[in-house]
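Structure, as structure tokens:
Every read-out reported here was derived from the displayed coordinates using simple, explicitly stated rules and does not represent laboratory data. Since this is a predicted model, take the numbers as computed values, not measurements. In this analysis, Cβ positions are derived from the backbone assuming ideal geometry, glycine residues included, and neighbour counts consider all displayed protein chains.
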Amino acid sequence: MSRIGRKPIAIPNGVEVKVDGSKVFVKGPKGSLEQSFREEMGIKVENNEIIVTRPSESKEHKSLHGLTRTLVSNMVEGVSNGFKKELEVNGVGYRVAKQGKQLVMNLGFSHQVFVEEIDGIQIEVPAPNKIIVHGADKQKVGQFAAEIREKRPPEPYKGKGIKYVDEVIIRKEGKAGKGGKKK
């Protein structure tokens with residue numbers, strides 16, 4: 001049996017979970033999420049816990065068991081605590097600011113780069129070189145942070161660009177310079 005799949009998910013106070021067939025609705029202080037799962041996976045709410053079961057021991061059902069449990073767990077975690085990704089902007093003259101619901105970035109281009117906030121995602125700019133993306137949906141937060149990073153990914157020579165706070169950029173050495181063979 002799946003070690004992850006068989007662990008019950010505790011429902012924290014203030015979180016409401018409703019299962020309608022293969023659809024799961026989770027509502028909490030940070031928002032509400034809904035997602036549909038495969039019909040064959042059994043999802044039940046018992047004694048303030050969510051239990052995910054699988055119909056057989058086939059390889060497909062075993063892998064779906066752990067996946068379904070993790071996705072439901074992420075939904076519960078998201079509506080109770082939320083998820084966040086932190087990005088850092090490195091480079092001379094590179095800076096970010098927030099204007100209304102837009103993120104305005106100066107990234108060394110001849111123009112400013114604008115990114116609009118989407119539903120369920122909040123952008124915070126505590127410093128001119130730091131971006132924090134908040135939200136209840138883990139997948140949306142990660143995707144949105146990746147789209148911001150994509151505007152100017154970090155380059156390996158000087159490390160300029162947008163990177164995740166915990167990301168390590170492997171630096172490369174530049175050209176060796178003059179010193180080739182003399183004839």
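Quick one: check the C-alpha center-to-center distance for the range 1-68 versus the range 78-99, whole angstrom.
Rounded to whole Å, the Cα centres lie 31 Å apart.
Just add up the charged neighbours of Thr53: K/R +1, D/E -1, any other residue whose Cβ is under 9 Å from the Cβ of Thr53. Write down the numbers at each step before the final one.
Working: positive: Arg6, Lys44, Arg54; negative: none.
In short, +3.
Between exposed chymotrypsin sites (Phe, Trp or Tyr not before Pro) in the chain, where DSSP calls loop and at most 16 other Cβ atoms lie within 10 Å, what's the longest gap?
Counting only loop sites that pass the neighbour cut-off, the longest clear stretch is 1-108.
Using only the Cα atoms of the chain, what do you get for the radius of gyration and for Dmax, in Å?
22.4, 85
So what J values fall out for the range 23-32 if you push phi through Karplus, 6.51 cos²θ - 1.76 cosθ + 1.60 with θ = phi - 60°, rounded to Hz, Gly and Pro as x?
Per-residue couplings from phi come out as 9, 10, 10, 10, 10, x, x, 8, x, 10 Hz.
Among the listed pairs Lys98/Lys130; Lys151/Lys172; Lys7/Lys85; Lys85/Lys163; Lys30/Lys138, give every one whose C-alpha distance is greater than 19 Å. Spell out each step's value before the answer.
Values: Lys98/Lys130 11 Å; Lys151/Lys172 21 Å; Lys7/Lys85 27 Å; Lys85/Lys163 11 Å; Lys30/Lys138 12 Å.
Table pairs above 19 Å Cα-Cα are Lys151/Lys172; Lys7/Lys85.
In straight Cα distance, which lysines are under 17 Å from Lys23, not counting same-chain residues fewer than 8 positions off?
Hits, sequence-local ones excluded: Lys44.
How high is the FRET efficiency between Lys23 and Glu86 when r is their beta carbon distance and R₀ equals 30 Å, given to the nearest 0.05?
Values: r = 32 Å, r/R0 = 1.08.
Efficiency at R0 = 30 Å is approximately 0.40.
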